[in-house]
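A short worksheet on the structure shown next.
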């Protein structure tokens, strides 16, 4: 891949000025990559860029504050979280070097699993951007990329890394397949009672491992999350529908107007709970009411973090 | 071991019969995931893959009420408040059906910790006594499977009462314990006949799929030798996001919390799963925390499985090799690779 060779070159040149560059490397099998922390020349060759680079490297930034010079290899969607963090003054943009490239989408492990029985039985998967060729328990299978890719890729308007210091390869001209998220549209066809029953059942499945929270690049409270606070105590240690619901509502509300819809929360969930439905709904409301799209402009301020006597996008009844 | 046969159809009838006087936990499809839920009308067991959640929760539920309490004012003497306490010991009889040998083996670690010469946890021990394990041998392996490297295998019978092996048309069934033998006296079972040989062939083939086993026997000393090597642990933990998915899904992780959860003048004391990956796990009352960074938390998880438990309990590895922690990790942290790196690290240091 042209972009990969260029990326490695750019990183090699920039590395002497940086403490670390975060990207991806091959994981324990053909379907998994894992984060790569490049600290020396030898590490650069481990870098991979493919449709399994699902992790958002900017989620590791909260550990790297305090003047560290950090490089990041980011997909378009990942780069929005960095912009949002800079905007909130949680990061100093002078400390960051962003390596960008054109992304054609990533695959979704939950969808692969739903289609082929179990992720552990899939031996390999390769994609040319349109079709995915797989080997499952010795048998060859093919499927359209759009049916196996992450939900966010179907509505993605930012396939190219935003505000990057270096850009490798050609820009992606991938267009969003739909303006609205289909899963959310379908969900909203349900009655309120049905929706509530759906969430009650999903919250029963939550194990409160906090993978959704810890994978989120915008969850910057680290060890001070109110879900774990004992004084005051907002949540019981009981892992039940009521407390799980409360936690998930807190999580959504704290992200409203900040969430860049990178999908890390849902991807990280070991129980595959579709919590992005909640995030997408809130992001949609913020777009409709405030004409604001989180993580696209570092000079802007999130609507719930400012106060205007008259919001320009809201027509008030007098 | 005498071997019997049960057809697929009769397996369902057997489950129905067992469900009359037991809570029968079976792996079922649950929102795209596979979890253990009580067998009931319309819940079809999913037996072609490893359940996402581990079978430990039948005996060690994520939330368990230890007692309930109530404060009452003495009407004669309003200054005085009395508290009444009611212990809530579990009573139900249970069967865990369709757990994999690795998951069931996980109970061996619990048994050592919760029911030994010094300690008998009544909540754990009561449930354990009242629970039977009908385990399903594997006929396929996943990229995250490594049971054969930690002293187990795809047909391990540790902690099982009955072992089923998938064969043409049903399962070959072997009794592991006396209680298991009683279960196989049910009318649904026929003589094993040539199904027994078929089952042995399945077990052998699955074991071969796993390939050669890496040797972890020197892991305890090598991990302890790496204990103070902060750089090593920071490198291993770099990708970890410190969530609790690995520990909550692990069949051998047994750490818990005890809290009082009040509602007005009444309340309950609950025991809930805890996770060493959390900041709060070792947070002391003074505010001091001996494990402030994720590297020291990950070190605890790895060392606990591969050094502390083997050291304490006669070389028994505290990991059952199911691979759930690897497969469900949002950052693909691989415990096998970490232990191997510790083993290799010592070699590197010694050769210097």
Comparing A:303, A:159, A:57 in a Gaussian network model of chain A (Cα, 10 Å), the one with the largest mean-square fluctuation is A:303
Gaussian network model of chain B, Cα springs within a sub-10 Å range: biggest mean-square fluctuation belongs to which of B:181, B:42, B:153?
B:42
Pull out the extension gain between residue A:224 and residue A:192, defined as 0.36 nm times the separation in residues minus the alpha carbon to alpha carbon distance; nm, one decimal.
8.1 nm
Note on region A:111-213: contact order normalised by length, alpha-carbon pairs under 8 Å, 6 or more apart, percent, works out to 14
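So, R0 is 35 Å and r is the distance between the beta-carbons of residue A:241 and residue B:311; what FRET efficiency does that work out to, to 0.05?
Values: r = 41 Å, r/R0 = 1.16.
Working from the Cβ atoms, E equals 0.30.
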Which residues among region B:135-165 fall inside the zone where the amide N is under 15 Å from a point 7 Å beyond the Cα of residue B:213, along Cα→Cβ?
B:145-158
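Let me have the 222 nm mean residue ellipticity of chain B computed from DSSP H runs of 4+ only, each contributing -39500 (n - 2.57), with the sum over all residues rounded to the nearest 500.
Numbers: 13 runs with 109 residues, N = 352.
Taken over chain B, the calculation gives -8500 deg cm²/dmol.
What FRET efficiency, computed as 1/(1 + (r/R0)^6) with R0 = 41 Å and r the Cβ-Cβ distance, is obtained for residue B:289 and residue B:41, rounded to the nearest 0.05?
Numbers: r = 49 Å, r/R0 = 1.19.
Efficiency, rounded to the nearest 0.05: 0.25.
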Separation between Cα centres of region B:136-172 and region B:208-239, rounded to whole Å
25
For region A:126-226, just the Cα atoms, rotate onto the principal axes and tell me the three extents in Å, largest first.
44, 40, 34
Coordinate range along principal axes, alpha carbons of region B:3-351, Å, largest first:
75, 71, 41
Fewest Cβ neighbours within 10 Å first, please rank B:85, A:122, B:258, B:134 accordingly.
B:85, B:258, A:122, B:134
Placing each pseudo-label 7 Å from Cα in the direction of the beta carbon, residue B:115 and residue A:94 end up separated by a distance in nanometres of 6.4
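Helix-only mean residue ellipticity at 222 nm, chain A, DSSP H runs n ≥ 4 weighted -39,500 (n - 2.57), per residue, nearest 500. What is it? Walk me through the numbers before you get to the answer.
Working: 12 runs with 105 residues, N = 318.
The helix-only estimate for chain A comes to -9000 deg cm²/dmol at 222 nm.
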Contact order relative to length of region A:1-94, as percent, for alpha carbon pairs under 8 angstrom and 6 or more apart:
27
Note to self: C-alpha centroids of region A:185-221 and region A:134-162 sit apart, in Å, by 23
For region A:27-80, radius of gyration divided by Kirkwood radius, i.e. Rg to Rh on alpha-carbons:
0.96
Using the Cα gyration tensor of region A:1-116, with a ≥ b ≥ c the square roots of its eigenvalues, what is the shape: rounded (a/c below 1.5), prolate (a/b larger than b/c) or oblate (neither)?
oblate
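Going by a ≥ b ≥ c, the root eigenvalues of the Cα gyration tensor, does region A:107-149 fall in the rounded group (a/c under 1.5), the prolate group (a/b larger than b/c) or the oblate group?
On the way: a/c = 2.07, a/b = 1.25, b/c = 1.65.
It is oblate, given that a/c is not under 1.5 and a/b is not larger than b/c.
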From zero up to wherever the largest Cα-Cα distance of the protein assembly as shown sits, split into 20 Å bins and tell me the percent of pairs in each.
16, 50, 29, 4, 0
Over 10 Å intervals from 0, what percent of Cα-Cα pairs in chain A sits in each interval?
5, 24, 33, 26, 9, 1, 0
Return the single residue from B:115, B:74, B:274 with maximal mean-square fluctuation; model: Gaussian network over chain B, springs between Cα atoms under 10 Å.
B:74
How do A:229-236, B:312-319, B:51-58 rank on mean C-beta neighbours within 10 Å, highest first?
B:51-58, B:312-319, A:229-236
At residue A:128 and residue A:317, where each label point lies 7 Å from the Cα along Cα→Cβ, what is the point-to-point distance in nanometres?
5.8
So what is the relative contact order of chain B, in percent, for Cα pairs below 8 Å that sit 6 or more residues apart?
20
Row for region B:183-283, column shape: gyration tensor on C-alpha, a ≥ b ≥ c, rounded if a/c < 1.5 i.e. under 1.5, prolate if a/b over b/c, else oblate; value oblate
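How many partner chain Cβ atoms sit within 10 Å of a residue's Cβ in peptide B:325-337, on average, as a whole number? The partial results should precede the final answer.
On the way: counts 1, 5, 8, 6, 7, 15, 13, 14, 4, 5, 0, 1, 3.
Counting Cβ atoms of other protein chains within 10 Å of each residue's Cβ and averaging gives 6.
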How many angstrom separate the Cα center of region A:27-49 from the Cα center of region B:250-273?
40
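Laboratory data are not the source of any read-out in this text; all were calculated from the coordinates shown. These numbers come from a predicted model, not from an experiment. Note: ideal-geometry Cβ built from the backbone for every residue, glycine included; neighbour counts use all protein chains shown.
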